[in-house]
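The values are calculated or read from the model by the stated rules, or taken from the named source; none is laboratory data. Note that this is a predicted model, so its numbers are computed, not measured. Here the Cβ is made from the backbone with ideal geometry for all residues, glycine too, and neighbour counts use every protein chain on show.
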(Lines give C-alpha, C1' and ligand atoms only; values in the text may rest on other atoms or scores of the structure.)
Protein backbone atom coordinates (compact mmCIF):
# COMPACT_ATOMS: atom_id res chain seq x y z
CA UNK A 1 0.00 0.00 0.00
CA UNK A 2 2.82 2.42 0.87
CA UNK A 3 4.46 1.69 -2.50
CA UNK A 4 1.24 2.63 -4.33
CA UNK A 5 0.99 5.93 -2.45
CA UNK A 6 4.66 6.71 -3.12
CA UNK A 7 4.18 5.89 -6.80
CA UNK A 8 1.13 8.14 -7.04
CA UNK A 9 2.98 11.02 -5.38
CA UNK A 10 6.14 10.53 -7.44
CA UNK A 11 4.44 11.13 -10.80
CA UNK A 12 3.15 14.68 -10.05
CA UNK A 13 6.44 15.63 -8.39
CA UNK A 14 8.34 14.41 -11.46
CA UNK A 15 6.04 16.31 -13.84
CA UNK A 16 6.37 19.53 -11.83
CA UNK A 17 10.15 19.14 -11.65
CA UNK A 18 10.49 18.60 -15.39
CA UNK A 19 8.19 21.47 -16.30
CA UNK A 20 10.11 23.89 -14.09
CA UNK A 21 13.33 23.00 -15.95
CA UNK A 22 11.93 24.10 -19.30
CA UNK A 23 12.85 27.47 -20.74
CA UNK A 24 10.35 30.00 -19.42
CA UNK A 25 11.32 32.58 -22.03
CA UNK A 26 8.60 32.59 -24.71
CA UNK A 27 10.82 34.70 -27.01
CA UNK A 28 13.37 31.96 -27.55
CA UNK A 29 13.17 32.34 -31.33
CA UNK A 30 16.09 34.27 -32.74
CA UNK A 31 15.69 36.89 -30.02
CA UNK A 32 17.98 35.10 -27.62
CA UNK A 33 20.75 35.15 -30.19
CA UNK A 34 20.80 38.93 -30.11
CA UNK A 35 22.08 38.76 -26.54
CA UNK A 36 25.54 37.53 -27.48
CA UNK A 37 27.26 39.72 -24.91
CA UNK A 38 29.61 41.17 -27.55
CA UNK A 39 30.09 44.91 -27.48
CA UNK A 40 29.57 45.98 -31.09
CA UNK A 41 30.94 49.21 -32.50
CA UNK A 42 29.52 51.34 -35.27
CA UNK A 43 32.61 50.73 -37.40
CA UNK A 44 32.15 46.94 -37.08
CA UNK A 45 28.53 47.13 -38.21
CA UNK A 46 29.08 49.59 -41.04
CA UNK A 47 28.54 48.02 -44.46
CA UNK A 48 25.88 46.75 -46.84
CA UNK A 49 23.27 44.22 -45.70
CA UNK A 50 20.60 42.50 -47.76
CA UNK A 51 17.84 39.92 -47.66
CA UNK A 52 16.44 38.33 -50.82
CA UNK A 53 13.78 35.64 -51.12
CA UNK A 54 11.08 34.93 -53.73
CA UNK A 55 11.09 38.43 -55.17
CA UNK A 56 11.19 40.14 -51.77
CA UNK A 57 14.23 42.27 -50.99
CA UNK A 58 15.48 44.39 -48.11
CA UNK A 59 18.68 46.39 -48.56
CA UNK A 60 20.36 48.41 -45.80
CA UNK A 61 23.63 50.28 -46.22
CA UNK A 62 25.09 51.53 -42.95
CA UNK A 63 27.76 54.22 -42.72
CA UNK A 64 29.54 55.09 -39.48
CA UNK A 65 28.83 58.72 -38.61
CA UNK A 66 30.03 59.90 -35.17
CA UNK A 67 29.22 56.55 -33.47
CA UNK A 68 25.81 56.48 -35.18
CA UNK A 69 24.88 54.37 -38.18
CA UNK A 70 23.17 56.15 -41.06
CA UNK A 71 22.20 55.02 -44.53
CA UNK A 72 19.57 54.04 -47.06
CA UNK A 73 17.07 51.33 -46.14
CA UNK A 74 14.82 49.99 -48.90
CA UNK A 75 12.03 47.42 -48.75
CA UNK A 76 10.69 45.90 -51.95
CA UNK A 77 8.15 43.14 -51.33
CA UNK A 78 6.39 41.47 -54.21
CA UNK A 79 2.83 42.77 -54.67
CA UNK A 80 3.32 45.51 -52.06
CA UNK A 81 4.33 49.16 -52.18
CA UNK A 82 8.03 49.85 -52.25
CA UNK A 83 9.48 51.80 -49.30
CA UNK A 84 12.64 53.83 -49.76
CA UNK A 85 14.18 55.87 -47.01
CA UNK A 86 16.96 56.55 -44.56
CA UNK A 87 17.75 54.72 -41.33
CA UNK A 88 19.52 56.57 -38.48
CA UNK A 89 20.40 54.54 -35.43
CA UNK A 90 22.70 53.76 -32.53
CA UNK A 91 23.85 50.53 -30.92
CA UNK A 92 22.20 49.69 -27.59
CA UNK A 93 23.48 46.42 -26.15
CA UNK A 94 22.99 43.91 -28.97
CA UNK A 95 20.37 45.98 -30.79
CA UNK A 96 20.59 48.61 -33.48
CA UNK A 97 17.86 51.10 -32.53
CA UNK A 98 16.84 54.00 -34.72
CA UNK A 99 14.37 55.87 -36.88
CA UNK A 100 13.41 55.03 -40.42
CA UNK A 101 12.22 58.01 -42.48
CA UNK A 102 10.68 56.76 -45.72
CA UNK A 103 8.41 57.48 -48.65
CA UNK A 104 5.56 55.16 -49.55
CA UNK A 105 2.90 56.08 -52.11
CA UNK A 106 4.15 59.67 -52.05
CA UNK A 107 3.67 60.04 -48.29
CA UNK A 108 6.59 60.65 -45.92
CA UNK A 109 6.51 58.67 -42.67
CA UNK A 110 8.79 58.02 -39.70
CA UNK A 111 8.84 54.88 -37.60
CA UNK A 112 11.04 53.41 -34.94
CA UNK A 113 13.04 50.49 -36.31
CA UNK A 114 15.11 47.95 -34.37
CA UNK A 115 17.50 45.34 -35.68
CA UNK A 116 18.87 42.54 -33.56
CA UNK A 117 22.58 41.97 -34.09
CA UNK A 118 23.13 38.26 -34.71
CA UNK A 119 26.22 36.36 -35.90
CA UNK A 120 24.63 36.02 -39.36
CA UNK A 121 23.93 39.75 -39.73
CA UNK A 122 20.91 41.83 -38.72
CA UNK A 123 17.30 40.79 -38.14
CA UNK A 124 14.48 43.30 -37.78
CA UNK A 125 12.38 43.23 -34.63
CA UNK A 126 8.60 43.45 -34.69
CA UNK A 127 6.07 44.23 -31.97
CA UNK A 128 3.06 46.28 -31.02
CA UNK A 129 3.34 49.94 -32.01
CA UNK A 130 1.65 53.20 -31.15
CA UNK A 131 1.83 56.74 -32.48
CA UNK A 132 3.82 59.22 -30.41
CA UNK A 133 4.76 62.70 -31.64
CA UNK A 134 3.76 61.87 -35.24
CA UNK A 135 5.97 58.77 -35.25
CA UNK A 136 5.17 55.08 -34.90
CA UNK A 137 7.12 53.63 -31.95
CA UNK A 138 7.19 50.29 -30.19
CA UNK A 139 5.00 50.04 -27.10
CA UNK A 140 7.50 47.79 -25.33
CA UNK A 141 11.03 47.28 -26.62
CA UNK A 142 11.46 44.21 -24.39
CA UNK A 143 8.67 42.32 -26.16
CA UNK A 144 10.01 42.58 -29.71
CA UNK A 145 9.98 39.41 -31.81
CA UNK A 146 12.86 38.40 -34.07
CA UNK A 147 11.33 35.13 -35.29
CA UNK A 148 10.48 35.77 -38.95
CA UNK A 149 13.74 34.48 -40.43
CA UNK A 150 14.45 37.46 -42.71
CA UNK A 151 18.12 37.91 -41.83
CA UNK A 152 19.98 40.70 -43.58
CA UNK A 153 23.38 39.25 -44.42
CA UNK A 154 26.42 41.49 -44.62
CA UNK A 155 27.89 41.68 -48.13
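Does residue 79 satisfy the condition of being modelled with pLDDT of 95 or more and either surrounded by fewer than 18 Cβ atoms within 10 Å (Cβ to Cβ) or not in a loop (DSSP other than H, G, I, E, B) (or both)?
The answer is no for residue 79.
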Next item on the list: Answer yes if at least one residue in segment 37-46 is surrounded by 13 or more Cβ atoms within 10 Å (Cβ to Cβ), in a strand (DSSP E or B), in contact (Cβ under 8 Å) with a residue 40 or more places away in the chain and within 18 Å of the chain's Cα centre (by Cα), and no otherwise.
Entry: no
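Please tell me if residue 73 is free of Cβ contacts under 8 Å to residues at least 60 places away in the same chain, closer than 24 Å to residue 42 by Cβ, surrounded by 15 or more Cβ atoms within 10 Å (Cβ to Cβ) and under 17 Å from the mean Cα position of the chain (by Cα). Even if it seems obvious, please write down each step before you answer.
Working: free of Cβ contacts under 8 Å to residues at least 60 places away in the same chain: yes; closer than 24 Å to residue 42 by Cβ: yes; surrounded by 15 or more Cβ atoms within 10 Å (Cβ to Cβ): yes; under 17 Å from the mean Cα position of the chain (by Cα): yes.
Judged against the criteria, residue 73 is a match.
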Next item on the list: For residues that are closer than 17 Å to residue 139 by Cβ and part of a strand (DSSP E or B), tally how many sit in segment 112-128.
Entry: 5
Note to self: With the structure loaded, tell me whether residue 149 is at pLDDT below 95, out of contact with any strand residue (DSSP E or B) (no Cβ under 9 Å at 6 or more places or on another chain) and farther than 24 Å from residue 41 by Cβ or whether it fails that test.
What the structure shows: no
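Can you name the residue in segment 93-111 that is part of a strand (DSSP E or B) and touching a helix residue (DSSP H, G or I) at 6+ places or on another chain (Cβ under 9 Å) and, of all such residues, is surrounded by the fewest Cβ atoms within 10 Å (Cβ to Cβ)?
Keep residues of segment 93-111 that are part of a strand (DSSP E or B), which gives 95-104, 107-111.
Still in the list and also touching a helix residue (DSSP H, G or I) at 6+ places or on another chain (Cβ under 9 Å): 95-97.
Values: 95: 21, 96: 24, 97: 16.
Checking each candidate, the answer is 97.
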Check: Are any residues in segment 129-146 in a loop (DSSP other than H, G, I, E, B) and either modelled with pLDDT under 95 or at positive phi (or both), and if so, which ones?
Finding: 133, 134
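Kindly evaluate residue 127 against the criterion of being over 25 Å from residue 41 (Cα atoms) and either surrounded by 13 or more Cβ atoms within 10 Å (Cβ to Cβ) or touching a residue at least 24 places away in the same chain (Cβ under 8 Å) (or both). Walk me through how you get there before you give the answer.
Values: over 25 Å from residue 41 (Cα atoms): yes; either surrounded by 13 or more Cβ atoms within 10 Å (Cβ to Cβ) or touching a residue at least 24 places away in the same chain (Cβ under 8 Å) (or both): yes.
Spelling it out, residue 127 is indeed over 25 Å from residue 41 (Cα atoms) and either surrounded by 13 or more Cβ atoms within 10 Å (Cβ to Cβ) or touching a residue at least 24 places away in the same chain (Cβ under 8 Å) (or both).
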Next item on the list: Hey, can you tell me all the residues within segment 53-70 that are within 17 Å of residue 155 (Cα to Cα) and either in contact with a helix residue (DSSP H, G or I) (Cβ under 8 Å, 6 or more places away or on another chain) or without any contact (Cβ under 8 Å) to a residue 12 or more places away in the chain (or both)?
Entry: 62, 64, 69
